[in-house]
1. If a residue counts only when it is at negative phi and crowded, with 17+ Cβ neighbours inside 10 Å, which strands (runs of 3 or more DSSP E) contained entirely in the range 119-219 have at least 2 such residues?
2. Are any residues in the range 216-246 within 24 Å of the chain's Cα centre (by Cα) and either more than 16 Å from Met167 (Cβ to Cβ) or of a type in the set (D, E, K, R) (or both), and if so, which ones?
3. What number of residues in the range 283-296 are more than 13 Å from Pro217 (Cα to Cα) and either surrounded by 14 or more Cβ atoms within 10 Å (Cβ to Cβ) or among the β-branched types (Val, Ile, Thr) (or both)?
4. Scan the range 250-273 for residues that are surrounded by 15 or more Cβ atoms within 10 Å (Cβ to Cβ) and either more than 22 Å from the chain's Cα centre (by Cα) or hydroxyl-bearing (Ser, Thr, Tyr) (or both) and jot them down.
5. Considering the range 232-249 alone, what residues qualify as being surrounded by fewer than 21 Cβ atoms within 10 Å (Cβ to Cβ) and outside any helix (DSSP H, G or I)?
6. In the range 93-126, how many residues are at pLDDT 90 or above, within 22 Å of Phe58 (Cβ to Cβ) and among the hydroxyl-bearing types (Ser, Thr, Tyr)?
7. Has the range 70-81 got any residue that is part of a loop (DSSP other than H, G, I, E, B), in the same structural domain as Leu128 (by TED's automatic domain parsing), without any contact (Cβ under 8 Å) to a residue 60 or more places away in the chain and more than 16 Å from the chain's Cα centre (by Cα)?
8. So the check is Cβ under 6 Å with 6+ separation or different chains; which pairs have a first residue in the range 108-136 that's under 14 Å from Gly76 (Cα atoms) and in the same structural domain as Phe60 (by TED's automatic domain parsing) and a second one that's aliphatic (A, V, I, L, M) and in a helix (DSSP H, G or I)?
Amino acid sequence: MKQTKDPGLGTTYDKSVKRMLNEDGSFNIHRIGTVSTFRDFYKYLIDLPTFKFVGFIFLFFVGMNLLFALGYLAIGIDQLSGISKKQYDLVSAFYFSTQTFTTVGYGAIAPKGNGASLLASFEAFFGLISFSMATGLIYGRFSRPSTKIAFSHNVIITPYKDGKAMMFKIVNKRNSILLNCKVNITMSIAHQDRRDGHMARQYYNIPLETDFVRYFPLTWTLVHEIDEQSPLYELNIEQLQSRTSELLILIEAFDETYSQMVLQKHSYADHQWVENVKFKRNFHANESGKIILNIHELSELEAL
């Protein structure tokens, strides 16, 4: 049972750390004092979930037009010709602002004073810049290579050959084919340092029966045989959980859709350890000889 070097997550903490990686692959680290720049905000918007990103764009559009509408009201609504007397001034100014911001310019309402004309000119320029940036963000989100590899909910310890093995399953949820897939697993086990009482983490490389496949169109069960050289040797589920044991998984693959290498991180810890069960097979061949894969059954278990 040979230890490996710290993969970059630290070895000593003053308190117990529940896990290093969250289940979604993000690091369980809250950073204070990071540099806040435009590029950081760009990355934040690129990584934002789709519904939140759409909501941000919508609120930005409404908020900016409302702000400009208030500007037209402050200058004087009389500097906008074509205002309907049947509408509230704020509503008319808002509609004029959206037309100017998007450079649509229907012509029903137009500025006739220097103040309104100057503000409309600035708004048109700001609108062009805003839509250019929004286009860049949308392109960046759709053009960025990413993976959608699903992991089984649990990592299991189950009888295997003449002993036991640790297993979990993965599958590519997209229709694109991943090639030259390689899996690297590091195990983290915590223990209390007798000298100062701090929690120390030890890291181990977890060898797999197969850590590389040329093609990845089906599910892939990753198997680590537990022998005397394994860090899991003679450890039960309760011991693994009490020592906040964690599997840190990194997958590298070539995505033929993007013609680029893609990466995905994942972690197993705490309640995700299960023993004395096995995974159900989630693919079969039909009568015509075609393989049927049910991704929804990836995590289904059955008793031994």
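The values are calculated or read from the model by the stated rules, or taken from the named source; none is laboratory data. In this text the structure is predicted, and so the values were computed from the model without any measurement. Here Cβ is always computed from backbone atoms with ideal geometry, including for glycine, and neighbour counts include all displayed protein chains.
1. On the way: elements: 149-151, 155-160, 163-172, 178-192, 199-205, 212-215.
By residue number, 149-151, 155-160, 163-172, 178-192, 199-205.
2. Step one: list which residues in the range 216-246 are within 24 Å of the chain's Cα centre (by Cα), which gives 216-222, 244-246.
Matches in the range 216-246: Phe216, Pro217, Thr244, Glu246.
3. Going through the range 283-296 one residue at a time, the tally reaches 0.
4. Passing the criteria: Ser267, Tyr268, Trp273.
5. If the condition is that a residue be surrounded by fewer than 21 Cβ atoms within 10 Å (Cβ to Cβ) and outside any helix (DSSP H, G or I), then Tyr233, Glu234, Leu235, Asn236, Arg243, Thr244 are the ones that fit.
6. 5
7. If we filter the range 70-81 for residues that are part of a loop (DSSP other than H, G, I, E, B), which is where we start, we get 76.
Now drop any that are not in the same structural domain as Leu128 (by TED's automatic domain parsing), which leaves 76.
From what is left, the residues that are without any contact (Cβ under 8 Å) to a residue 60 or more places away in the chain are 76.
So of that shortlist, the ones also more than 16 Å from the chain's Cα centre (by Cα) come out as 76.
Within the range 70-81 (the criterion being part of a loop (DSSP other than H, G, I, E, B), in the same structural domain as Leu128 (by TED's automatic domain parsing), without any contact (Cβ under 8 Å) to a residue 60 or more places away in the chain and more than 16 Å from the chain's Cα centre (by Cα)), the answer is yes, since at least one residue qualifies.
8. Sorted first by the residue in the range 108-136, then by its partner, the pairs are Pro111/Ala120; Gly115/Ile75; Ala116/Ile75.
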